[in-house]
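The values are calculated or read from the model by the stated rules, or taken from the named source; none is laboratory data. Not measured: the values here are computed from a predicted model. Neighbour counts are summed over all protein chains in view; Cβ atoms, including those assigned to glycine, are modelled from backbone coordinates with ideal geometry.
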Amino acid sequence: METNDTTVIEARGLVCSYGDFTAVRDVDLTVHRGELFALLGTNGAGKTTTMETLEGHRAADGGQVRILGLDPVADRGALRPRLGIMLQETGFAGDLTVRETVDLWASLTTNPGPTDEALERLSLTDRAGTRVVQLSGGQRRRLDLVLATLNRPEVLFLDEPTAGLDPESRESAWRFVADLKASGTTIVLTTHYLEEAEALADRVAIMHEGRLATEGTLSEVIGTAPAAIEFSIADRPGADLDRELRTVVDPVGLQIAAGRVRLDVDDLQTSLGRLLRWADQHGHRLERINASEASLSEIFSRVSHTRMEDAS
Ligand SMILES: Nc1ncnc2c1ncn2[C@@H]1O[C@H](COP(=O)(O)OP(=O)(O)OP(=O)(O)O)[C@@H](O)[C@H]1O
C-alpha cells in the first residue's frame, strides 16, 4: 500500500464480515495528518464496524489497513498509546467518582494531560465529586470524551461523540474537538448529526449498505447533486417559458407550477448569472428568488435511497 508523509489512516479494499454477513464491502479510505474526517451513514451502514477495524479492535476479513504506517492489530502495542478511542458505549465502574475515574485512567495512560484542565474544558468540574452512576447520559458522554483524549493522542476515533447531548453541551464538545484539530490531532468521527459534520469536518464520507457511497470535501460531496433556483414569474404561458428557460439555462431539471419555477442546475453561479441577464434583457420581474446548493441532508437522503448493489 502506497502512503505518503501526510497519510495517517489508510484502508484499501476493506472487508469485514460477521459470519456469512458482509458488513463492510471493499471500502477505501485515506485520512491525512491534521484532518477531521466524518463518516456518515444510515443505521447499520457499517460505520462502527469500520471504526473498530481501524482502531484494531477487530481484524479485517479482507483488504489492508495502516494507521500511522502500522498494522492496527499486529502493531497494537506500539500504536495504542498514540491513539484516542471513544466507543459508542463505555463500561465505567459506576461507584467511582468522575475525578477518581479520570485519575485511574490517567494512571494507565502514557503522558496524560492535567485532569482539572480536561474536566474544565468539558464543563465537568462541578461534577468531579459525583459518582459516575449518578451522571446523566450527556455528562457520561462528556466523560468518555475526556478519557479518550487524556493521552493527547495523535489520532482520535470518536464514535457518535455527541449522541444524546443537549445543544449547549454539543456545541461545547464541538469546540473541544475543533481545538484538538487545531492543535494537529487527526480525527475520525461517526455521527448522525449532519450539522456536526458540516461544522467540523474537512472531508466527509457517506456509507450505505457496507460501501462508501460518496467521499470528499463538503463542497465536493454537495457538488454531486444539482443546485436549485426557484422564482415566481407572472404573465408568462408555461409552455413558452419552459422552452425559453431551457435555452437560457440548460437545466438538468425544470418544473413550472402555478407561475412558480424550479430549475435544477449543475453550475449555480453560471446559471443564475444567465437567468438574471435574461430577465433584465426582457424586462421580466422574478419574484421571491431562492438559489441554493444542495444540502448535505439532500445528498444523505439520495444515498440512503440507493441500492448499493445497483450502484456498484
Ligand atoms: N456482532 C455482530 N454480529 C452480527 N452482525 C453485526 C454485529 N455487529 C454489527 N452487525 C451488523 O453489521 C452491520 C453494520 O453494523 P454497524 O454497527 O457497523 O453499523 P453502523 O453504521 O455503525 O450503524 P449505527 O448507525 O446504527 O450505529 C449491521 O447490519 C449490523 O446489524
### Query
If Ala60 satisfies every condition in (1) in contact (Cβ under 8 Å) with a residue 60 or more places away in the chain; (2) within 16 Å of the ligand (Cβ to nearest atom); (3) hydrophobic (A, V, I, L, M, F, W, C); (4) surrounded by 20 or more Cβ atoms within 10 Å (Cβ to Cβ) but one, which is the exception?
(1)
### Among the residues listed as Ala173, Ala163, Ala225, the single one being in contact with a Lys or Arg (Cβ under 8 Å, 6 or more places away or on another chain), farther than 30 Å from Arg12 by Cβ and of a type in the set (Gly, Ala, Ser)
Ala173
### Matching helices (runs of 4 or more DSSP H) fully within segment 199-308 where at least 2 residues are farther than 30 Å from Thr30 by Cα and touching a strand residue (DSSP E or B) at 6+ places or on another chain (Cβ under 8 Å)
238-249, 268-281
### From Ala228, Ala205, Ala201, Ala148, residue being in contact with a Ser or Thr (Cβ under 8 Å, 6 or more places away or on another chain) and closer than 24 Å to Glu89 by Cβ
Ala205
### Query
Within the bounds of segment 157-169, is there any residue that is farther than 16 Å from Leu194 by Cα and modelled with pLDDT of 90 or more?
yes
### Task
All but one of (1) more than 25 Å from Val8 (Cα to Cα); (2) assigned to a helix (DSSP H, G or I) hold for Ala93, so report the exception by its number.
(2)
### Message
Can you tell me which residue is farthest from the ligand (Cβ to nearest atom) among those in segment 13-25 that are farther than 11 Å from Thr53 by Cβ and in contact (Cβ under 8 Å) with a residue 60 or more places away in the chain?
### Response
Arg25
### Query
If we keep just the residues of segment 63-83 that are β-branched (Val, Ile, Thr) and surrounded by 20 or more Cβ atoms within 10 Å (Cβ to Cβ), which is nearest to Arg12 (Cα to Cα)?
Val65
### Task
Quick one: count up the residues across segment 82-98 that are out of contact with any Phe, Trp or Tyr (no Cβ under 9 Å at 6 or more places or on another chain) and either modelled with pLDDT of 90 or more or of a type in the set (Val, Ile, Thr) (or both).
4
### Message
Which numbered condition in (1) farther than 26 Å from Lys47 by Cβ; (2) at pLDDT 90 or above is the only one that Ser123 fails?
### Response
(2)
### Message
Between Ala60, Ala45, Ala74, which is in contact with a His (Cβ under 6 Å, 6 or more places away or on another chain) and not acidic (Asp, Glu)?
### Response
Ala45
### Hits in segment 26-35 (condition: touching a residue at least 40 places away in the same chain (Cβ under 8 Å), surrounded by fewer than 24 Cβ atoms within 10 Å (Cβ to Cβ) and either more than 13 Å from Ala205 (Cβ to Cβ) or in contact with a Ser or Thr (Cβ under 9 Å, 6 or more places away or on another chain) (or both))
Asp26, Leu29, His32, Arg33, Gly34, Glu35
### Task
Of all residues in segment 156-173, count the ones that are among the polar types (S, T, N, Q) and part of a helix (DSSP H, G or I).
2
### Task
Hey, can you tell me all the residues within segment 282-306 that are modelled with pLDDT under 95 and polar (S, T, N, Q)?
Ser292, Ser295, Ser297, Ser301, Ser304, Thr306
### Task
Kindly establish whether Arg236 is in contact with a His (Cβ under 8 Å, 6 or more places away or on another chain), at pLDDT below 90 and of a type outside the set (A, V, I, L, M).
yes
### Query
For segment 101-121, does any single residue satisfy the condition of being in a loop (DSSP other than H, G, I, E, B) and crowded, with 21+ Cβ neighbours inside 10 Å?
no
### Query
What is the number of the single condition among (1) surrounded by 17 or more Cβ atoms within 10 Å (Cβ to Cβ); (2) not assigned by the TED database to the domain that holds Val24 that Ala257 does not meet?
(1)
### Query
Restricting the search to segment 161-195, which residues are more than 21 Å from Glu117 (Cα to Cα), within 15 Å of the chain's Cα centre (by Cα) and surrounded by fewer than 21 Cβ atoms within 10 Å (Cβ to Cβ)?
Ala163, His192, Tyr193, Leu194, Glu195
### Task
Please enumerate the residues belonging to segment 31-57 that are within 16 Å of the ligand (Cβ to nearest atom) and either more than 25 Å from Val303 (Cα to Cα) or among the hydrophobic types (A, V, I, L, M, F, W, C) (or both).
Phe37, Ala38, Leu39, Leu40, Ala45, Met51, Leu54, Glu55, Gly56, His57
